[in-house]
Structures are given as structure tokens and as C-alpha cells.
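The values are calculated or read from the model by the stated rules, or taken from the named source; none is laboratory data. What you see is a predicted model; the values in this text were computed from it and never measured. Ideal geometry is used to build each Cβ from the backbone, glycine not excepted, and the neighbour counts take in all protein chains shown. All accessible areas refer to the heavy atoms of the entire protein, side chains included, with ligands and DNA or RNA removed. Shrake-Rupley method; radii C 1.70, N 1.55, O 1.52, S 1.80 Å.
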Amino acid sequence: MFFDSGAGLLHRLTSYTPDREWTVPVDDPRVRHDLVPNNPDTVPPPAKSYPDGLAVLDLPGDPSDPGVSATAVLAGHPCPAQPLDAAQLGRILFLGAGVVRTTQRRGMRVLFRACGSAGARFPLEVYASTVGVAGVPDGVHWYDPVRHALVQIGPAARGAATTLVVTGVPWRTGWRYAERGWRHLYWDAGTLLSQLSGAAASAGMTPRLRSLFPDAAVRELVGADGVHEYPLALLSLGDAEPAVTPRGPATPGRLPAVEFPLCTAAQTAGERSVLGDPWPEGTSLAHAPAADSFDTVVLRRGSQRRMDRGGTLARTTMEWSMTAALRGIDVPHWMAAHGVDHLAPGLYRWPDLARPAPGGDLRAELERLCLGQSLAAEAAYVAISAVPAERLDDRGYRGAQLAAGIVEGRLHLAAYALGASATGMTFLDSEVPGLLGVPEETVTLLFTCVGVPEYTARAGGRPRDPVGVRTVTPRLAGRHTR
């Protein structure tokens, strides 16, 4: 990967260093300096909107739970096949992108989706290109997460497998994180896909993920312009040819016209014109610990803001969770152990747990690397993903960030299935290679903190009936209790 153009340039210009606050942009004319982060006067709407007159299909509001345990899904165990109808498609969409909680912040209603998102920005949209779904017309539909409905925006596409298209809206996350928010699009898409694919797998639908696809054709399919919204990934329900070749234009939705030229350039540099093979499934795990159903765990899942610094997790729990999360994914990971039973504190290159290097208590160092966010020190362990720069090109960078997000999403599900909690974490890019003992140009992807929760979040609500919650403030560096 070259750091003077495309995705490499974006990575370099959005990397955090100790000598600059994260809200201060780097001194370079290629990044925007005229946008105020977190400005309540410019906050973007939480979802797209469409003109009146389009066909709207309200999805069933109480989808049936197949009853498959979350751990069986994460382990890759086969599940009984359910019919693909409006209720089942709605269930899958809701368990990934549906609104499950709400709160009030600065006088505005905040909508929390079923999947996690950095800074609660939720910058993703989901479309369903349907073929032969009982009760749903063949066509391209936008999923309305508030109404729990499908809005038909385009004609049926060529292809045989109903396919979900995940897109990203850079301004929705850039409002808080500026150009670095482009990375968050792929992290968040990974967490979303871990739940969409898990929901589909629990219904026996053999989900197939693709991150290589003809960008221009998929943009046309869903009405994305490639500047204010662009496609990130495809998830087909079955092994047939994905229904992603458009037969006609889609109705575009409304989005604020705010552009980050650096993000547009990074996205454009990775564009391709071919449809790639689906991602490998990975080898199934022989064992799946007892756990509640996938649906129950998704609604229980949250983004933990405080963990019990003195709490510990069983080594077997950590090992099973990491193994399940990385099933079928070859992005290198490290694991910083703070409070794992029968495992000495220190940093380990996964899956080698023979000895830590470096060893000893790394809580203070992880807290520093995570910009003073104390969850990095309170967690029982922290999973860290990073990849050699020479392994990546502009498209590969997208895939690596997406893979890191999928691992994070699976770690969240495993944690909440097994009585723990989790949250994603950003970091000082410049400091991580030294910790890991890798070359300076290594591309750090994502941190995931897993630990013992200090509080229990209220479970999410059902479609069209989210629960009200109050937000919990994370601790700042140095303010620890036991």
C-alpha cells in the first residue's frame, strides 16, 4: 500500500499521534478544516429519506425466533432452514439495522440500532434486492429502520439470490470523526454484517459475504452517488448468483450534501468492475457453550461504557470467543491480557499463548494508547488487529478494515452470550507498532475491549417499539475504582 495516494494517504492523514488532539485535523490542505466536530447545529439526520409515492411494505412486527443459540451460530453449526418470507427477511434486517433503543441528548432523540457503531453515529444504510421472497415484491428496497418497513426504490435486479447491500454515509460519521470516519464506515459495516449474517445463518440461509463487487453497478442498483454514499459490502442469502445487476435506475434518497474529498478519493481508488468470490466460512468449532438464542443475545448486546477493573474472565471463555470471532478471517490479531484466569498479564500474538511479549501489567499503556479511554484498562482482555502494509492495496485496505469490524462484532456477540461485555476502541496509530513489536508502517485496524460489565444495560425492544434508556459516561484516565 502506498501512503501518498488513495486509501494509504487517507490512512496516513487520519492517523492519531500523541502531539495532536484527536479533534484537531492534521495540517494538510487535503483534509477539511472548515467543519466543527460534534456541532449540534449541523448534526446529520440518522437515516435517509425518500420522496412520497414510493411503495412501502410494513414488515411483520413480531418475527419468530428460530431458537438457535448464539454460540452455535458463532461456532458455525448448521441450523434448520426457515422459509424466506417477509417475516424472516424483516427479522434479519431488524437484528442488524433495526432501532432497538432510544435516548434524549441535547434535546434531540438518539436512535440506537441493534448493531454497534463508533460514537453512536450509525452511518450505514441497508438495501434488500429481493428475488422470490414470499410476501415481498421482487425489486430493490431500502430498509426503513424506524418504521421497520421496505421502501421499493428500484426494479428487480438480474440474479437469483436475494442480496443485502450495505452502504456508508461518510458525513454521518465524519460529523464526529472527520475524514477518519471513513475507517469507521468499514468497522461499523463489519459489526453490522456479523449480526446480519448470524441472523441469516440461524435461519439456515447460508449467508455469503462479498467485499469485491462492481462498484458502479451496485451504486446504480441502490441509487448511491459515490460521494455522499457508497456501497461497502454484499450479503447474499444462498449460493446462487447475487441479484445485484440493475435492470434500471433506483430512486435516490435525500442526504446532506457534505463531502470529504479525501474520503471520496480513497473510495474511488479501490473501485473495481468484477464480482468476487464470497468470503470463506471457516472451519466449524466442535464445541459451542450453552447460551441464549441468537435473537435474545442481539437484543441484550450493547456498547459497554464501564467495566469492572477487578473482574476476571475464564481463559476458556477468552479462547473460545477469540477462536469463534476469527473463524474464516486471516487478519493478524494480538491479545493484551489484563484479567484472564490462569494467563499471565501481557501481550500475546494470537493464537500463541505460550508466553507474553512484552509481559507484565499493560493497563496503563493500553489506556494511554486508547487516548485515555479507561475501558482499555478495565477490560479483562483487549483484542488488537493489525496488518502489514505490503499485504494491502486500495481495495484490500477496505477488506481488512471490514474484517476487523466483523471480528469485533463477533466478539461482542460472544461476550454477551457468555456473561461478559465488550466495546470497540480507537487508538494512537503511531504508538501501536512499538507495542506489538512490528514495523512502523504496519496498519493498525481496531481495538476491542472485552471484560466484566459494571452494569447491565436494558435489553433492546422489538420492531417499532424501542426501549428508552439513559446513557452511561465512561471513566476518564486515572479515575478508577475497584
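Using the Karplus relation 6.51 cos²θ - 1.76 cosθ + 1.60 with θ = phi - 60°, the per-residue 3J(HN,Hα) values for segment 329-342 come to 10, 10, 5, x, 9, 10, 9, 9, 8, 10, x, 10, 4, 6 Hz, with x marking Gly and Pro.
All Cα-Cα distances of segment 1-79, cut into 10 Å bins from zero to the largest, leave 12, 19, 18, 21, 27, 2 percent in each bin in turn. In this structure, the amide hydrogen of Tyr16, modeled 1.01 Å from its nitrogen in the peptide plane, lies closer than 5 angstrom to those of Asp429, Ser430, counting only residues at least 5 positions away or on a different chain. Computed across segment 209-300, the Kirkwood hydrodynamic radius from all distinct Cα-Cα pairs reaches 16.2 Å. Compared with the direct C-alpha span, the chain from Arg464 to Ser49 gains 147.7 nm at full extension, assuming 0.36 nm per residue.
Taking amide H as placed 1.01 Å from N in the peptide plane, Leu446 has its amide H under 5 Å from the amide H of Ser385, each at least 5 places away in sequence or on another chain. The mean of 1/r over all pairs of different alpha-carbon atoms in segment 111-170, once inverted, gives a Kirkwood hydrodynamic radius of 12.6 Å. When the alpha carbon gyration tensor of segment 1-136 is reduced to an equivalent ellipsoid, the three semi-axes, largest first, read 38, 22, 17 Å. Accessible surface for segment 31-188, divided over its residues, is 34 Å² per residue with a 1.4 Å probe.
Please work out whether segment 278-411 counts as rounded, prolate or oblate from its C-alpha gyration tensor, where a ≥ b ≥ c are the square roots of the eigenvalues and a/c under 1.5 means rounded, while otherwise a/b larger than b/c means prolate and anything else oblate? Rounded.
Packing order of peptides 159-172, 98-111, 259-272, highest average first: 159-172, 259-272, 98-111 (average count of other Cβ atoms within 10 Å over each peptide's residues). Over segment 298-368, Cα pairs under 8 Å with separation of 6+ residues give a relative contact order of 23 percent. For the chain, the fraction of 1.4 Å probe accessible surface lying on carbon and sulfur atoms is 52 percent.
Rg over Rh for segment 63-148 works out to 1.02, using Cα positions for both radii and the Kirkwood form for Rh.
Please find the FRET efficiency linking Ser5 to Ala357, where r is the Cβ-Cβ separation and R0 is fixed at 35 Å, and quote it to the nearest 0.05. Plugging the Cβ-Cβ distance into 1/(1 + (r/R0)^6) gives 0.50. Here the chain yields Rg over Rh of 0.94, to two decimals, using C-alpha coordinates and the Kirkwood radius.
Over the residues of the chain, the helix contribution to mean residue ellipticity at 222 nm works out to -8000 deg cm²/dmol, using -39500 (n - 2.57) for each DSSP H run of at least 4.
Derived scalar couplings between HN and Hα for segment 107-119 equal x, 10, 7, 9, 9, 9, 7, 5, 8, x, 7, 4, x Hz in order, rounded to whole Hz, by the Karplus curve 6.51 cos²θ - 1.76 cosθ + 1.60 (θ = phi - 60°), x for Gly and Pro. Taking θ as phi - 60° and the Karplus parameters 6.51, -1.76 and 1.60, the scalar couplings of segment 87-99 work out to 5, 6, 4, x, 4, 4, 4, 5, 6, x, 10, x, 7 Hz in sequence order, x denoting glycine and proline.
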